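A short reminder: the numbers here are calculations on the coordinates, not readings from a lab. This structure is a prediction, so every number in the text was calculated from the model and none was measured. Counting neighbours? That spans all protein chains shown, and the Cβs are built from the backbone with ideal geometry, glycine included.
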Amino acid sequence: MDDMSRKKDKAARLGEEIELPNAFGALDSLEDLPSGPEVPVKTSKRGQKKMNRGRVDIIRQTAHRGGKAVTVVNNFTGIGLPEIQELAKVMRKACGVGGSVKNGSIEIQGDKRDEVKRILIEAGFNPVFAGG
């Protein structure tokens, strides 16, 4: 019986709407506001947005992995961990393999350097094959 009364109280609370004053109500009377300055978008020769997010290194490693190759992407600057994780998810899906994010680096299973380079270029990075 006690459980039913809690559900009814919660439903009653959710059903009630609290009316808040409109903080932007005074702006409705102002009709002649300027739209703001136009910011020119830099585009490349092909008409795409010009993005330069920095250099990242693509390395193929086999050490301490039982002879199996792993593609490692590191030296990300200026982006946070959530964006690196999202980029890793896109790479895993495009390459059709597993992978992970460790210490700010993306590890993709297998030698997938060309596919990873293509994805990084689309994301606006400047990928460079590093190492031997």
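Side notes on the structure shown:
- Using a Förster distance of 22 Å, the FRET efficiency for residue 128-residue 53 (Cβ separation, nearest 0.05): 0.95
- Cα point-scatterer Debye curve for segment 55-129, base-10 log of I(q)/I(0) at q = 0.24 Å⁻¹: -1.13
- Computed over neighbours whose Cβ is under 14 Å from that of residue 97, the net charge equals +4, Lys and Arg +1, Asp and Glu -1.
- DSSP beta bridges in segment 55-129 [antiparallel fraction, %, rounded to 5]: 70
- Using a simple spin-label model with pseudo-atoms 7 Å out from Cα toward Cβ, residue 102 and residue 85 lie 1.8 nm apart.
- Peptides 26-37, 116-127, ordered by how many other C-beta atoms sit within 10 Å of their residues on average, highest first, read 116-127, 26-37.
- Between residue 23 and residue 64, the distance separating the two model label sites (each 7 Å from Cα on the Cα→Cβ line) works out to 5.0 nm.
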